[in-house]
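The values are calculated or read from the model by the stated rules, or taken from the named source; none is laboratory data. Everything numeric here is computed off the predicted structure, so don't read it as measured data. Virtual Cβ from ideal backbone geometry, glycine too; neighbours counted across all protein chains shown. Each accessible area value is taken on the protein alone, full model and side chains, heavy atoms only, with ligands, DNA and RNA left out. Shrake-Rupley method; radii C 1.70, N 1.55, O 1.52, S 1.80 Å.
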Amino acid sequence: MERTLMDRRTFVQVTASGAAAAALASQLGCLKHFEKGKGGTEARELVVPTTCEVCPNKCSVLAVVDDGVIHKLNPNPESPRSRGMLCARGNAAVKQVYDPDRLKQPLIRAGARGEGKWRPVSWEEAWDYTAKKLSEIKSKYGPQGTVWSSTEGFQEVFFKNCGLAFGSPNIVRHPTLCLASVNLAYSATFGTVPAFDLVNADYVIMSGANRFEAIIIPDTMDLIGSVMLKKAKLVYLDPRFTVTASKADTWFPIRPGTDMAFILGMLNVIVGQGIYDKDFVAGYTTGFDKLQEHVQKYTPDWAEKETGIPAKEIIRVAHEFAAAAPRACYYSGRRSSWYQNDFQMRRAQAILNAVVGNWDREGGMVPNASIPMGEYLFMPWDDPTASRVDEIDKTFPLAAKGDGAYLKLRENVLSGQPYPVKGWMVYKQDPMNALPEQAKTLKMIDQMDFVAVIDFQMSDTAWYADVILPESHYLERTDPMEMMPGIWPAIVYRQQVVKPVYNTKPNLEIIQGLAKRLQISDYFDYTIDDWVKAQAKDIPVQNAFDYLQKHGVVVTPGFPKYGKTLKGDYRFITKSGKVELSSDRLQESGYDPLPVYKPPTEPQAGQFRMILGRRAYYTHANNTNNPWLHEFDPQNHLWVNPEPAQRMGIRTGDLLEVSSRAGTVRIKAHVTDEIRPDCVFMLHGFGKHSRWQKLAYDNGACDAQVLETSWDQVSGNAAFHETFVTIRKV
Ligand SMILES: Nc1nc2c(c(=O)[nH]1)N[C@H]1C(S)=C(S)[C@@H](COP(=O)(O)OP(=O)(O)OC[C@H]3O[C@@H](n4cnc5c(=O)[nH]c(N)nc54)[C@H](O)[C@@H]3O)O[C@H]1N2
Ligand SMILES: Nc1nc2c(c(=O)[nH]1)N[C@H]1C(S)=C(S)[C@@H](COP(=O)(O)OP(=O)(O)OC[C@H]3O[C@@H](n4cnc5c(=O)[nH]c(N)nc54)[C@H](O)[C@@H]3O)O[C@H]1N2
Ligand code: SF4
Ligand SMILES: [Mo]
């Protein structure tokens, strides 16, 4: 195990340069892949292509295995998506495998919930216990008496399917805490969610999409290529001076919650002065007349009052944007769990993009392409008969039903309406940290008869669970292949790099053990090999399965492809078959057909708006306990602007009490002019309850304790930036 302990200097040097790491990978010679059943780990040095699982990007990895131990993770230069990059988090994943704090065997709670007393048990006992508890709940409350919540991941499908086969309609997924509003807004406009051709763009505007810290591939890499090499201009709006702000040509420290006013101001100029793409608008869109009338009142002077951005700057950006189109985009962002009107703000962006005609053209927005792939056909189950506990049909009729509405679900579970829910199954998710108002999540756990968590480490949610089913780390397991759509689509494969170090199992096997005891095993009657071989069948390369084992990624020629939808008879997947500037479907569902601006709630005297955001070396609340990453930011702090700080006598390092209607935390101050005076910011993932995360336990503060419950009105997505806090020196 010593072999994994690369010293930190080497780690920082290598992760700092993707190119250096790629070069290192190619020096290692030809790829050899792990031979299952033959003790492949016995060979002295192997390079195993696989796929990172530390965030949603799924970068391609070459794992260097030395004498059965993972020595180093390198980027796989064959991936057109990760573009030869493996970030610090991806590199540091090797530490998770050999982390002495990780989960090593199934556990059943032995003390009170949250007391931290556990009884190590066999897999048989853990499965028997879980199945018994779920069956008891089913017989008392029906299968709908259970919630199955999860975050994306290649094995998530088995978990979700188990919930459905068990008969529960209450599947709730992470998009409703993340990108549900942006997805719905672009779908409502274009019938699909496009990608952004940043490497070829000449002009990019971003509302708080902090791409140089919140890494999205290939976007982050492409921006390095286009913006940092001065080929493209970047206009960036964020109440914080982020790393992205530092690379932008223009940074506007916008008044929070007013981006829609900025966009409507731009639309007023572009539509009013006739500098939109007339051919595109006439040929491909509907509702332009209504838009024209609608944006008349949203003048740049009006927008200046709302946003704090000078009118002449809004006019300048509007002209530059229209002139650069179609090689110009108002980038959509990913985490759109911001404000209660988030859907409408993203709709305004989509409309602005549409009127300058940057659709399906080089340097603009491009519909996602894919590569064909086979599918494993398993036995289908009857659809759950009960309606969803979050009443999504009634509350958010346009939202993605399969993902649910997490915060509404929690409200309804807590009130016991429309029916009681007493069991909670959690996969690859930490709701204690990922949901606002942690006290409510704790109450939700409290009122459950049973909670089980499938994770590889002791998350805060696992800490309060009744049973913990430890999943093998991604480097220890083979997962389904995944088609990653995009302008440069790729199929990626995650194959086992080393055998599980501890008594853990891949999720499919965990689910199969449970399904057998729940008498639903017929639906899970296959192996991971059956699954991936069926997927490999339709992939258009020779011997696709072998190819993926050797390369980890399949790319097919012919991409990027522009202009497929710009054929006269193309029907967009919208009600009108056109790009919908004004939307009848929204109107029929009781929403504004065009984005109507509503000013954000004002903070009262002494209050600050709490805003969230990422750092490049942490994923959510997930790896603040990773010793390598922990060194970058060993504790979180509250960013406070010097102006209020001086007024309140606060200096960097002072201990503060931060309070909202949801709760109170203590955290040290970081006084900085990199944030507006009306906002405060803290990094996510600290102040943990779980004592098994020694570095993050009771260290700094937990943002989820202070964030209040609020959601976007159309998509039901969480609205994380609607919380006001007061701060006090203690
Ligand atoms: N306060 C606050 N809340 C937020 C956000 C925020 O910034 N601040 N961001 C929101 C956004 S955008 C998102 S996407 C969500 C994310 O919310 P979560 O999905 O809850 O995010 P993570 O903290 O990454 O938690 C994932 C859990 O999965 C575990 N895990 C990781 N890999 C595996 C695996 O291979 N198998 C298993 N079984 N478990 C695994 C980790 O150990 C961790 O406990 O949070 C949302 N909520
Ligand atoms: N390193 C790293 N990369 C990641 C992740 C990670 O955890 N770590 N998570 C991945 C996931 S799941 C997601 S969803 C994405 C999230 O990536 P992004 O969509 O870029 O979202 P965030 O970084 O959460 O932050 C958004 C920014 O918005 C700013 N902001 C707050 N309020 C406003 C406002 O009213 N207007 C404007 N213009 N800006 C505002 C915040 O200060 C913050 O800098 O990142 C992905 N990539
Ligand atoms: S961006 Fe980093 S953490 Fe995310 S998949 Fe890629 S290498 Fe892994
Ligand atoms: Mo996210």
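On a full-extension model of 0.36 nm per residue, what is the gain between residue 525 and residue 655, subtracting their alpha-carbon distance, rounded to one decimal in nm?
On the way: separation 130, 0.36 × 130 = 46.80 nm, distance 5.57 nm.
Full-extension gain reported as 41.2 nm.
Quick check of the Kirkwood formula: for the range 194-367, what is the inverse mean of 1/r over all pairs of different Cα atoms, in Å?
Averaging 1/r across every pair of different Cα atoms and inverting gives 15.9 Å.
Pairwise over distinct Cα atoms, reciprocal of the mean inverse distance: report the Kirkwood radius of the chain in Å, one decimal place.
After inverting the mean inverse Cα-Cα distance, the result is 26.6 Å.
What's log10 of I(q)/I(0) for the range 485-558 at q = 0.15, 0.19, 0.22, 0.26 Å⁻¹, Debye sum over Cα points only, no solvent?
For the range 485-558 at q = 0.15, 0.19, 0.22, 0.26 Å⁻¹, log10 I(q)/I(0) is -0.69, -0.91, -1.02, -1.16.
Within the range 660-729, report the trypsin sites (Lys or Arg not before Pro) that DSSP leaves as loop and that have at most 12 other Cβ atoms within 10 Å.
For trypsin sites (Lys or Arg not before Pro) across the range 660-729 that sit outside H, G, I, E and B with at most 12 neighbouring Cβ atoms in 10 Å, the list reads 661, 691.
State the percentage of accessible surface on the range 608-730 attributable to carbon and sulfur atoms; use a 1.4 Å probe and exclude ligands, DNA and RNA.
47 percent
What nm distance separates the two modelled labels at residue 566 and residue 393, each placed 7 Å from Cα along Cα→Cβ?
With each label placed 7 Å out from Cα toward Cβ, I get 4.2 nm.
With a point put 7 Å past each Cα toward its Cβ, work out how far residue 375 is from residue 576 in nm, to one decimal.
Here the modelled spin labels are 3.2 nm apart.
Under 16 Å from a point 7 Å along the Cα-to-Cβ line of residue 602: which residues of the range 257-282 have their amide N that close?
257-258
Expressed as an acute angle from 0 to 90° and rounded to the nearest 10, what is the orientation of the C-alpha long axis of helix 123-141 relative to the principal long axis of the chain?
60 degrees
What is the helix-to-structure angle for 259-272, meaning the angle in degrees between its Cα long axis and the longest Cα principal axis of the chain, kept from 0 to 90 and rounded to the nearest 10?
Around 40 degrees separate the two axes.
Heavy atoms only, probe 1.4 Å: what % of the accessible area of the range 194-367 goes to carbon and sulfur, would you let me know? Could the numbers behind the result be given before it?
Numbers: 2750 of 5320 Å².
Here carbon and sulfur together make up 52 percent of the probe-accessible area.
Run the simple label-point estimate for residue 113 and residue 67 please: 7 Å along Cα→C-beta, distance reported in nm.
4.7 nm
Pairing the Cα long axis of helix 342-355 with the longest principal axis of the chain, what angle in degrees results, from 0 to 90 and rounded to the nearest 10?
60 degrees
Which order do the peptides 563-571, 639-647 come out in when sorted by mean C-beta neighbours inside 10 angstrom, highest first?
Numbers: 563-571: 10.8, 639-647: 17.3.
In descending order of packing, they fall as 639-647, 563-571.
Name the aspartates and glutamates eligible as straight-distance cross-link partners of residue 443: C-alpha to C-alpha under 18 Å, and not fewer than 8 places from it in the same chain.
Leaving aside aspartates and glutamates fewer than 8 places away in the same chain, those within reach of residue 443 are 115, 390, 411, 430, 460, 466, 703, 708.
Cα centroids of the range 259-285 and the range 108-166: how far apart, whole angstrom?
So the two Cα centres are separated by 51 Å.
Kindly provide the Kirkwood hydrodynamic radius of the range 396-549 in Å, to one decimal, from all pairs of distinct alpha carbon atoms. Don't skip to the end; give the middle numbers.
Details: mean 1/r = 0.0548 Å⁻¹.
Result for the range 396-549 stands at 18.3 Å.
Would you kindly state how much longer the chain becomes between residue 483 and residue 631 on full extension, computed as 0.36 nm times their sequence separation minus their alpha carbon distance, in nm to one decimal?
Computed gain between residue 483 and residue 631 is 49.8 nm.
Would you grab the residues whose amide H sits under 5 Å from the one on residue 59? Only those 5+ places off in sequence or on another chain, please, with H modelled 1.01 Å from N.
52
Taking a probe of 1.4 Å, how large is the accessible area per residue of the chain, in Å²?
With all protein chains present, the chain gives 36 Å² per residue.
Packing-wise, with mean Cβ within 10 Å as the measure, how do 350-358, 489-497, 96-104 rank, highest first?
Sorting 350-358, 489-497, 96-104 by mean packing, highest first, produces 350-358, 489-497, 96-104.
Tell me which residues come under 5 Å, amide H to amide H, from residue 688 once H is placed; ignore anything under 5 positions away on its chain.
697, 698, 699
Please tell me which of these pairs span more than 23 angstrom C-alpha to C-alpha: 290/598; 422/688; 231/305; 160/516; 428/537; 104/428?
Listed pairs above 23 Å: 422/688; 231/305; 428/537.
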